[in-house]
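Quick notes on the structure that follows.
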Amino acid sequence: MMDDWISERPSNYNYHLGELINIEAWVVQFNHVPLHVLVHSCVATAVPDINAVPRYSFIENHGCLTDAKLTQSSSRFMPQTQAAKLGFQMAAFKFQQVNSSWFYIGCILKATAASAPADAEHKACSFSGNRYEVVAAAAMVQGRDVISHQSKEFGRTVGVHVCSWREK
């Protein structure tokens with residue numbers, strides 16, 4: 001996403017190390033109850049395979065963005081202004097042991113009824129000021145997820161594009 005959070009950034013854009021990458025997850029409403037989208041987990045790999053090594057897990061624990069705690073970066077979830085969309089910023093990086101300037105991002109998304117109350121397993125939290133802060137939360141409907149989506153084709157993960165970096 002561009003900095004305006006409206007336009008998509010061209011897929012051939014080269015990020016500089018540490019530059020924030022805007023990523024947006026969304027759910028299409030169709031004909032069911034309004035939904036609240038959350039990012040359950042995300043990993044970055046050097047090849048389009050979520051199980052590959054090296055692998056960097058940067059969203060864990062049911063939606064906590066851990067990158068800022070581990071790297072002191074500015075990575076964070078954005079305030080959620082629409083239940084069906086959730087944006088976050090991830091600092092561009094490079095796997096030290098890999099010659100390629102590309103990395104691939106794969107995420108597991110969850111969607112619940114927008115009217116459901118908050119829950120520790122359905123949240124978006126960022127690390128700031130030596131603690132995690134919840135910026136968005138939703139819960140399960142009658143004890144189960146309305147939708148839980150994991151992309152079968154890594155390169156087609158919903159709302160996420162392949163990113164590369166280039167040093168300044």
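For the pair Gln29 and Val53, what calculated FRET efficiency results from E = 1/(1 + (r/R0)^6), where r is the Cβ-Cβ distance and R0 = 41 Å, to the nearest 0.05? After rounding, the FRET efficiency stands at 0.65. Sorting the segments 43-54, 81-92 by their mean number of nearby beta carbons within 10 angstrom, highest to lowest, gives 81-92, 43-54.
Couplings for region 42-52, taken from phi via the Karplus curve 6.51 cos²θ - 1.76 cosθ + 1.60 with θ = phi - 60°, read 9, 10, 10, 9, 7, 10, x, 8, 5, 9, 5 Hz in order; Gly and Pro are left as x.
Between Asn99 and Lys85, the contour length at 0.36 nm per residue exceeds the Cα-Cα span by 1.6 nm. Under a 5 Å amide H cut-off, with hydrogens placed 1.01 Å from N, Ala91 pairs with Ile21, Ser75 among residues at least 5 apart or on other chains. Close amide H partners of Thr66, meaning residues 5 or more places away or on another chain with modelled amide H under 5 Å apart, are Ile59, Glu60. Distances between placed amide hydrogens fall under 5 Å for Tyr15 paired with Ser164, Trp165, Arg166, all partners being 5 or more residues away or on another chain. 3J(HN,Hα) along region 28-40, derived from phi through the Karplus expression 6.51 cos²θ - 1.76 cosθ + 1.60 where θ = phi - 60°, amounts to 8, 6, 6, 10, 10, 4, x, 10, 10, 9, 9, 9, 6 Hz, with x in place of Gly and Pro. Highest mean packing comes first when the peptides 13-20, 123-130, 105-112, 25-32 are listed by Cβ atoms within 10 Å, giving 105-112, 123-130, 13-20, 25-32. Whole-Hz ³J(HN,Hα) for each residue in region 119-128, computed from phi via Karplus 6.51 cos²θ - 1.76 cosθ + 1.60 with θ = phi - 60°, x for glycine and proline: what do you get? Whole-Hz 3J(HN,Hα) from phi for region 119-128: 7, 5, 9, 9, 7, 10, 10, 10, 8, 8.
Throughout, read-outs are computed from the coordinates displayed, never taken from laboratory work. From a predicted model like this one, the values you see are computed outputs, not experimental measurements. Glycine gets a Cβ as well: all are built from the backbone with ideal geometry, and neighbour counts include every protein chain shown.
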